[in-house]
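**Student:** Take this structure, written in structure tokens, and hold onto it; I'll ask about it next.
What follows draws every value from the coordinates through simple rules; no lab data is involved. If you're wondering where the values come from, they're calculated on a predicted model, not measured in any experiment. Note that each Cβ is placed from the backbone with ideal geometry, even for glycine, and that neighbours are counted across all protein chains shown.
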Amino acid sequence: MKAALAVAGWELRGAVRSRFVLGAALTFGAMCLGVTLLGLDALRGLGLAGVGPAAAGLVNLGVLVPPLLGLLLGAASLAGARERGLLAMVAAHPISRGAIVAGTFLGLAGALWTTVALGFGLASLVLAGVARVRDLAPLGALVGSTLAVGTAGLGVGVGISAFARGRSQAAAVALAAWFVLALGMDLALAGLAPAVRLGPEGLLVAVLLNPLEAGRILALLPTSAGGTALGPFGAFLLDRFGPAGAGALLVGAIVAWTAAPLAIAGRALARRVV
């Protein structure tokens, strides 16, 4: 555990000094602030609970941008350390490969969470002037689901990095994975669903196999819009399992998307020369 925390601290310091992370944090913060300011009139009337333009924009930003950042950060981690010879140097010490993966993940997660906190912190400064008590639950769900889905993207990125030959290959695979999760799966389901006739089980699998969709639905569960804003998959989950059951399933899916790639990465490092 001490070795994993030492690796985490080293990764966190390196990530915080990185121009990529600093630029991503400032860009995400500016995007959140811009969306909030542009939708301020809607926020005054509807609040976050009503899922107006500003709330929908913040949900989309939270579901799409942090997972992309997490995928790219994770993809560059082990592959980049391998290219520079740092991974072999660390592995030469009495530290398990699993601790290397865990420390890398924890350090980068700290940088990712700081980026998300900056973005929503700037948005919250504006929201404080128009927010109501009933907006606290949707805001908490939005921040929590954004952190969760971004962390899942980071876990998948670290898993990709464990197998990639270099940073370029890892980044290419990470971008492809993001496009599939953000756009490809929804388009495929929209095209295939009428022909395949997905039943309830198919709808459930379609949601759980896409952490971005799971995060979007999780962010919208506490809103007053109910099934109208959740889309067909979210409306099905809400109707079938209720708010508590749907939330538990979605959280479980995101946790699995985070933990499974990390476990695979640890086994991959243990079996190959670093």
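**Student:** Across the Cα atoms of the stretch 50-173, what radius of gyration and what greatest pairwise Cα-Cα distance (Dmax) are found, in Å?
**Tutor:** Here Rg and the maximum Cα pair distance are 17.5, 55 Å.
**Student:** Follow-up. If each residue of separation counts as 0.36 nm, what is the full-extension length gain between S168 and A88 once their alpha-carbon separation is subtracted?
**Tutor:** Values: separation 80, 0.36 × 80 = 28.80 nm, distance 1.92 nm.
Gain on extension, S168 to A88, equals 26.9 nm.
**Student:** What net charge is computed for the residues neighbouring L5, neighbours being all others with C-beta under 15 Å from the C-beta of L5, Lys and Arg scored +1, Asp and Glu -1?
**Tutor:** Numbers: positive: K2, R13; negative: E11.
That works out to +1.
**Student:** Net charge around A102, counting only other residues with Cβ within less than 15 Å of its Cβ (Lys, Arg = +1; Asp, Glu = -1)?
**Tutor:** Net charge in that neighbourhood comes out at +2.
**Student:** Right, another one. Between F20 and R267, what length comes free when the chain is fully extended (0.36 nm per residue of separation minus the Cα-Cα distance, one decimal in nm)?
**Tutor:** 86.0 nm
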